[in-house]
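Taking it in order: structure first as structure tokens, then the write-up.
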Amino acid sequence: MAHTIIVADDHDIIREGIKNILRHQDDYEIVDEAVDGDEVLEKVKKHKPDVLLLDITMPKKSGLEILDQINKYFARHARHHRECPTRLTRTCCARSKRRARLSAQRKRRR
């Protein structure tokens, strides 16, 4: 049985590149894709993928905020769903990652 994957990135070229690579792998199946943070949460809840390929810097919510919300969702629904999907993240530069982390920390303090 193939591992299900959601690809989440706001850049079309990145999503297409990842999908092209994984299309040729028999043991992976891309079930959906997302272009912003809100869409990621919605699609993870719908498909409950094995793997989430997630960009750290996304519109509406950062990848770090999304991971936090996904973990909370699966913790609340543990009896009804299997465990939280494996999460892989990527980012273009360390400065963007740091900015996203600081933004998420500021929002949690409020």
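Just so you know, all these numbers are worked out from the coordinates, no wet-lab data involved. Predicted model only: the values in this text are computed from it and were never measured. As a convention, Cβ positions derive from the backbone with ideal geometry for all residues, glycine included, and neighbour counts pool all protein chains shown.
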Along the stretch 22-33, Karplus-curve 3J(HN,Hα) (6.51, -1.76, 1.60; θ = phi - 60°) to the nearest Hz, with x for Gly and Pro, reads 6, 4, 8, 9, 5, 8, 10, 9, 7, 8, 5, 9
Other-chain or far-sequence residues with amide H under 5 Å of Ala34's (modelled H): Val7, Ala8, Asp9
Within 10 Å of each residue's Cβ, count the other Cβ atoms and sort Val51, Val44 from fewest upward. Val51, Val44
How do Thr57, Thr4 rank when sorted from fewest to most other Cβ atoms within 10 Å of their own Cβ? Thr4, Thr57
